[in-house]
Structures are given as structure tokens and as C-alpha cells.
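Some notes on the structure that comes next.
The values are calculated or read from the model by the stated rules, or taken from the named source; none is laboratory data. Computed from a predicted structure; not experimentally measured. Backbone-built Cβ (ideal geometry, glycine too); neighbour counts: all protein chains shown.
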Amino acid sequence: MGMDKRKTSSASEILNRITGEDAKLRQLIEEQKLSVRVAEMIHEAREAAGLTQAALAELVGTTQSVISRLEDANYEGRSLAMLDRVAHALGKRLEVRLVPEPQEPLSK
């Protein structure tokens, strides 16, 4: 049977089991996680401000459909300039950081 059936709640352990040694798959998953998080941040900030997509679009100087796309985790066309405009319209500032990659634990 070979498969390890231990239960875990660690997302990184689960991801390691799914991707194994497939670095390309891991990279795709990491990119999608970032896209999901950006979409969630825009959606959550807009709702916290009590704005509809149309109201935020008016503040940003764009259309409701653009805001809808920005809140879609599958949308890949986000630009830093547009994210900065959205942040400013919500009374926030856009912050982009480069942080060290987490070190992978050594395999046993």
C-alpha cells in the first residue's frame, strides 16, 4: 500500500504530498495562491468600505466589470498601477514586498 495515511492539518505538508518533487506544479500552485489572495484583499477591502463594485469603479475611474475581474481569482491581468488606484480609492496604499523564500525541510 505504500501511501502514508497520517492525518495532518499543515498546508505545506499537504502540498508536499500532492506535488512531491514536481517543482513546476508547486510554482503554479504558489502563483494561484497569490492571485486568490489579491482577489480576496480587493473584495474584502471593498466590502469593508461599504462599496458596491460599481461604486468602487466610479471612485477608481473605471467600470464595474473591471472591478469584477480584479476580484476574480482566475484573472491574470492585474497591473500594479490599477491595484494602486484601487487601494487609493479605498483609502489605503499598495505595498509590494520581496521576502525570503521559506526553506524546505530536509527529507527524512
I'm checking my understanding of the structure. Among residues of the stretch 55-97 that are free of Cβ contacts under 8 Å to residues at least 40 places away in the same chain, assigned to a helix (DSSP H, G or I) and of a type in the set (Val, Ile, Thr), which one is farthest from Val38 (Cα to Cα)?
Val60
Subset of the stretch 46-60 [of a type in the set (S, T, N, Q) and surrounded by 15 or more Cβ atoms within 10 Å (Cβ to Cβ)]
Gln53
Spot the failing condition for His43; the list is (1) exposed (fewer than 13 other Cβ atoms within 10 Å of the Cβ); (2) within 14 Å of the chain's Cα centre (by Cα), and only one is missed.
(1)
Do any residues in the stretch 21-33 that are more than 16 Å from Glu101 (Cβ to Cβ) have Cβ atoms under 9 Å from those of residues that are among the β-branched types (Val, Ile, Thr), where the two are at least six apart or on different chains, and which pairs are they?
Leu25/Ile18; Leu25/Thr19
Among the residues of the stretch 66-83, what is the count of those that are exposed (fewer than 15 other Cβ atoms within 10 Å of the Cβ) and farther than 30 Å from Glu13 by Cα?
5
Based on what the data block shows, is Thr63 surrounded by 10 or more Cβ atoms within 10 Å (Cβ to Cβ), at pLDDT below 90 and polar (S, T, N, Q)?
no
